[in-house]
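Working notes for the structure below.
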Amino acid sequence: MAFSINMDNVMSKTVGNATGNEITGTFRLKKGLAEMLKNGVIMDVVSAEQAKIAENAGAVAVMALEKVPADIRKEGNVARMADPKKIKEIMKSVTIPVMAKVRIGHFAEAQILESLNVDYIDESEVLTPADNKHIDKHKFKIPFVCGARDLGEALRRINEGAAMIRTKGEAGTGNIIEAVKHINMINEQIKRIKTLSKRELERESLKMRVPYQLVEETRNIQRLPVVNFAAGGVATPADAALMMLLGADGIFVGSGIFKSENPAKTAKGIVEATTHYDNPKIIAKASEGLEAMKGLEIEKLEVKMQTRGF
Amino acid sequence: MINMLKIGVLAFQGDVREHIEMLKKIGAEPIKIKLAEHLNDVYGLIMPGGESTTIGFLMKKYKVDKAIKERHKQGMPIYGTCAGAILLSKEIIGSNQPKLGLADISIKRNDYGRQIDSFETELDIKGIGKSKGVFIRAPVIKNIYNGVEILSEYKNQPVMVRQNNILITTFHPELANETRVHKYFLNMAQEYRQIREMQKDL
């Protein structure tokens, strides 16, 4: 059967730790948590108070940060992992999963987050990169999510052990165009490899610098082998619905919530639109009276965060 | 030929796709439930894994909770996994989040720990046998009342229980390629359809 290739084989580099008849840290468990987040909204928060607002509005997880991307962009300084004290406060304040960001390649920051027991690590281009190589994510018991702009980038991250992918978009802009480009690119490429012969597919995997098995698996199931969320520029319920209609499994909202006029209302609106993405009447209602963040034109940006990472 | 049995999957949020794939595999017809009227012609309902606070909020907002309770009263079987189990519980220890409260159990969320403590193990299920148990930030059933039957235990705590037309697992058979639990539930739904059809004939 075409669908029988087991990701556990493709991902055999993640072995997990066994004690008695219990195994932890397997790829199935890492990927499994992302499956549970599907059709949900993950919200950037910089304090315990914001985390509570997000949880009450129906967020499926929060991303603990020092600053939201819009502020990182405005200030232009080196952006790093958040203060562990703040992350711990946020973890204590909510019952939903807590994610946190590390710089690309900064495996020491990742080890610190793992020691804090955060639920997911985002190796993120929103922070200033620390290396031109990504972290070997198989070595961690905590799952990772990484950004991607095309299929090759997504599969390279999965091959390194990422258990969840998100579009990069262009964070902190409130402008959806880049996220749209990225999800369309990934979907078109997945569709295109369907028609390739074995030889062409082998050539494609060499070009993308990933094992053939991984490309084959993607071709067979006609989607990424892990959950794929949309991120980078979502500011309104309509933006969230657009990304879901384009095939995203769920939504990350960075600056879009706490840079809006009424964060709790905006958060609820985006949660409802993400669930009812195919029901414009409900989205219209959820969009009423929201004042979205102002947003930026992509052409006028000094830094394009999406170009970080390899 | 009997018509394919329509089974609803509560589709607000969570691992809806995996449950839908399971139902297709065992020959049932999955129906996504996001509004109350979607429940009209299903003979069973699966409440997937996900975030119970999110699903609870949306269920209440769109009055799907009321519709489910109504159908439960008529005898429609409901199967809850993980978040679904939490929402079905009478008591969620330490939380006043929205819930259905249909099964006589007390449950504690994330009681094995955080994601780092998520685990796979082997379970023994009554009437099914050995089965892989995938537990992800799973809740723990702390107490059961009024004739709730334990179908499987792990470390002396129930992980699969049944009370009349409600089936609960705190683990995810749908992530372990385990169809037998869904088949067990499908049998409950089949019995319910037979009863409904007999009632119609009268």
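The values are calculated or read from the model by the stated rules, or taken from the named source; none is laboratory data. Every value quoted in this text rests on a predicted model; they were computed, and no experiment measured them. Backbone-built Cβ (ideal geometry, glycine too); neighbour counts: all protein chains shown. Only protein heavy atoms, including side chains, enter the accessible area calculation; ligands, DNA and RNA are left aside. Shrake-Rupley method; radii C 1.70, N 1.55, O 1.52, S 1.80 Å.
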Answer residue from the range B:1-36, given it is within 14 Å of chain A (Cβ to nearest Cβ) and over 20 Å from B:L87 (Cα atoms) and is surrounded by the most Cβ atoms within 10 Å (Cβ to Cβ) among those: B:M22
Residue in the range B:76-89 that is facing chain A (nearest Cβ under 9 Å) and touching a Gly at 6+ places or on another chain (Cβ under 6 Å) present: yes
Strands (runs of 3 or more DSSP E) within the range A:41-154 that include 3 or more residues open to solvent by less than 40 Å² (accessible area, probe 1.4 Å) and within 14 Å of chain B (Cβ to nearest Cβ): A:41-45, A:61-64, A:98-103, A:120-124
Filter result (farther than 23 Å from B:E191 by Cα and in contact (Cβ under 8 Å) with a residue 60 or more places away in the chain) within the range B:1-50: B:G14, B:D15, B:E18, B:G49
Residue tally, condition open to solvent by less than 50 Å² (accessible area, probe 1.4 Å), out of contact with any Leu (no Cβ under 8 Å at 6 or more places or on another chain) and over 16 Å from A:R157 (Cβ atoms), over the range A:193-235: 7
So A:T274, is it surrounded by 18 or more Cβ atoms within 10 Å (Cβ to Cβ), at pLDDT 95 or above and touching a Gly at 6+ places or on another chain (Cβ under 7 Å): yes
Residue list for the range A:183-208, restricted to those being closer than 23 Å to A:V303 by Cβ and in contact (Cβ under 8 Å) with a residue 60 or more places away in the chain: A:I183
Among (1) surrounded by 18 or more Cβ atoms within 10 Å (Cβ to Cβ); (2) in a helix (DSSP H, G or I); (3) touching a residue at least 24 places away in the same chain (Cβ under 8 Å); (4) in contact with a helix residue (DSSP H, G or I) (Cβ under 6 Å, 6 or more places away or on another chain) - the single one A:K31 does not satisfy: (4)
So A:N279, is it open to solvent by 10 Å² or more (accessible area, probe 1.4 Å), out of contact with any Phe, Trp or Tyr (no Cβ under 8 Å at 6 or more places or on another chain), of a type in the set (S, T, N, Q) and within 14 Å of chain B (Cβ to nearest Cβ): yes
Total residues in the range B:95-128, condition away from chain A (no Cβ under 14 Å) and among the charged types (D, E, K, R): 2
Members of the range A:282-310 that are in a helix (DSSP H, G or I) and open to solvent by 40 Å² or more (accessible area, probe 1.4 Å): A:A284, A:K285, A:S287, A:E299, A:K300, A:T307
Test: A:A267 is open to solvent by less than 30 Å² (accessible area, probe 1.4 Å), outside any helix (DSSP H, G or I) and either within 14 Å of chain B (Cβ to nearest Cβ) or modelled with pLDDT of 95 or more (or both): no
Meets criteria (within 14 Å of chain B (Cβ to nearest Cβ), open to solvent by 10 Å² or more (accessible area, probe 1.4 Å) and in contact with a Lys or Arg (Cβ under 9 Å, 6 or more places away or on another chain)) for A:N159: no
B:I93 vs. criteria surrounded by fewer than 21 Cβ atoms within 10 Å (Cβ to Cβ) and among the hydrophobic types (A, V, I, L, M, F, W, C): yes
